[in-house]
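This report concerns only the one structure given below.
What follows draws every value from the coordinates through simple rules; no lab data is involved. Keep in mind the model is a prediction, meaning the values are calculated, not measured. Cβ: placed from backbone, ideal geometry, glycine included. Neighbour counts: every protein chain shown.
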Amino acid sequence: MKRARRPTWSFVVMRGADKTVKQFSVSKRSVVVAPVAAAIAVTGAIAGLQLKAAYELRHLEDQLSSQSAQFTQTITGMDQVIAGKDEAIVSLQQEILELSRQAQEMKTKMSELDELENKLKLFIEKYGGSVIDTTSAEPAAGSGKPVGGIVQTLANRSTKQQTPSYIASPGSTMQIAMLAQHTSLDFQALSEMVDAMEASMEQTLIKAQHKRATVDAYPSFWPARSKKLTSGFGYRMDPFTGRATFHAGIDIDGEIGDVVFSAADGTVSDTGYDARLGNYVVIDHLGDLQTTYMHLKRIDAKVGDDVVRGEKIGLIGNTGRSTGPHLHFQIMQRNEPVNPLKFLAKHS
């Protein structure tokens, strides 16, 4: 039996009007298979491209992951460095604050030192000279030493020592701050001590001045330049009558016009002229003591005057009942005559 002829497809190719025509015959199967094969080829190409793209994407992802890890490690290291720097900055800030505190303490101590120095200067200026004058023999309570000697020592140190200049250069700021921090001096305590000394000194000075006033009121100053006696205290032969009479004072030789001095601080209670006493001055002193100066040429004091020891009150003369120029000096205690030499002996 004869097989049926498979249908075919004919393709005519015309290259031009004057060219020959070519005809191709293609089976129906070929016409069907060819597109399928083309489709399969295209699909395979696409699948290959997808696989290649997936591979490259995976490779890129791995690279990105590795780079990300490196970046993370780098950032972590930088964070640690920054954290270390932050700690260093905080530490430096704390050191700066500590240095500032120490500098402030030093400034405070310097201020206290200046205040103490000024207080000592004022103390010495206020009490130095007066205490030395009035308490040279007066010991401070419980010290066994004269207060004046202590003040004299302070005064000497004050005059011999120059005020220090505190100059803080950049290189020495740390040393000065450390010195101010570790110094054992408490200027506040020293200042309080000076305050206590001042309060105590005021009382001591009052006592010393009172004692000095008492001493100055004691008639111990020799009343004339000459210390030659022409007649002593007690009974003697009266030069006018030749009889034994009581001489209530002492006669001090001198020239007319020689100065007569007050024997102590006191108040002039009487002056005048008497036929027996001549020109005279009477001065009242503490302790119910009274001094009288007779036969003066001139009186230089008035009743009510406050005089001090050694002050000029008149001139030696020969007035009244007198045999020659001299000063009759006598001391009365509670209205009773006493021997002036008991008062004047230490200063003769």
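What to note about this one:
- Estimated vicinal HN-Hα couplings, Hz - the range 217-232 in sequence order (Karplus 6.51, -1.76, 1.60; Gly, Pro = x): 7, 7, x, 10, 7, 5, x, 9, 5, 6, 10, 8, 9, 9, 7, x
- When each of K119/K211; K228/K342; K227/K342 is checked by Cα-Cα distance, pairs over 20 Å: K119/K211
- Cut-off under 5 Å, modelled amide H: who pairs with A264 long-range: G310
- Net charge over other residues, Cβ less than 11 angstrom from the Cβ of V307 (K, R count +1; D, E count -1): -4
- From phi via Karplus (6.51, -1.76, 1.60), per-residue ³J(HN,Hα) for the range 285-295 in Hz, x at Gly/Pro: 10, 5, x, 6, 9, 8, 10, 10, 10, 10, 6
- Gain on full stretching of the segment that runs from Q80 to A196 - 0.36 nm per residue minus C-alpha separation: 35.7 nm
- Candidate cross-link partners of K109 among the aspartates and glutamates, defined by an alpha-carbon separation under 20 Å and a same-chain spacing of 8 or more, comprise E98, E117, D186, E192, D195.
- Three-way shape call for the range 196-348 based on the alpha-carbon gyration tensor, with the a/c threshold at 1.5: prolate
- Computed extension length for W222-Q104: 36.2 nm, one decimal, from 0.36 nm per residue of separation with the Cα-Cα distance subtracted.
- Of H247, H285, H210, the sequence from fewest to most neighbouring Cβ atoms within 10 angstrom is H210, H247, H285.
- Calculated FRET value between L97 and Q203, using beta carbons and R₀ = 45 Å, to 0.05: 0.40
- Ranked I299, I82, criterion: other C-beta atoms within 10 Å, fewest first: I82, I299
- Listed values for the range 246-255 are Karplus-derived 3J(HN,Hα) couplings in whole Hz (6.51 cos²θ - 1.76 cosθ + 1.60, θ = phi - 60°), namely 7, 9, 7, x, 10, 9, 10, 5, x, 9, and x replaces Gly and Pro.
- Least to most buried among R321, R334 (fewest other Cβ within 10 Å first): R334, R321
- Amide H contacts under 5 Å for R298, placed H, 5+ residues apart: L315
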